[in-house]
Amino acid sequence: MPAGSSRQAGQQAEAQALAHLQQHGLQVLAQNWLCKGGELDLVMLDGDTVVFVEVRYRLHAQWGGALESIDARKQARVVNAAQQFLHQQARWASHPCRFDVIALEGSASKDMRLNWLRNAFDS
């Protein structure tokens, strides 16, 4: 698969994840938030809880599925980025936080299977 089509599939997966979260009442605070050493795919507000969402997409589970791709190093990078976000966006710093993962698998042209794992890991 060419790099452009895999990037496009990832963007479609992220759009599907965002739509799913919004259907469940979460509000967008930031999308593709970049900082030194990391990126936050989605930062959402669920009631008064700030939710840092890592979106993972895999076409198939041949080399491990989307959920299995969140290793300890990736978790640490997301936690670090979340800390930087809360430092820069101080109005959210006193709110409770959690880390969710949305794992999508399957072809982007067909319905992808979506698995939303709340409280996927701790900081």
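Counting Lys and Arg as +1 and Asp and Glu as -1, what is the net charge of the other residues whose Cβ lies under 15 Å from the Cβ of Glu14?
Summing Lys/Arg as +1 and Asp/Glu as -1 gives -2.
Given the Cα-Cα distance of Gln31 and Ser123 and 0.36 nm per residue of separation, how much length would full extension add, in nm?
Net length gain for the segment: 31.1 nm.
With labels modelled as points extended 7 Å from the Cα through the Cβ direction, what inter-label distance (nm, one decimal) is found for Ser94 paired with Arg7?
4.2 nm
Rule-based calculations on the coordinates, nothing more; no lab input. Keep in mind it's a predicted model, so treat the numbers as computed, not measured. Note that each Cβ is placed from the backbone with ideal geometry, even for glycine, and that neighbours are counted across all protein chains shown.
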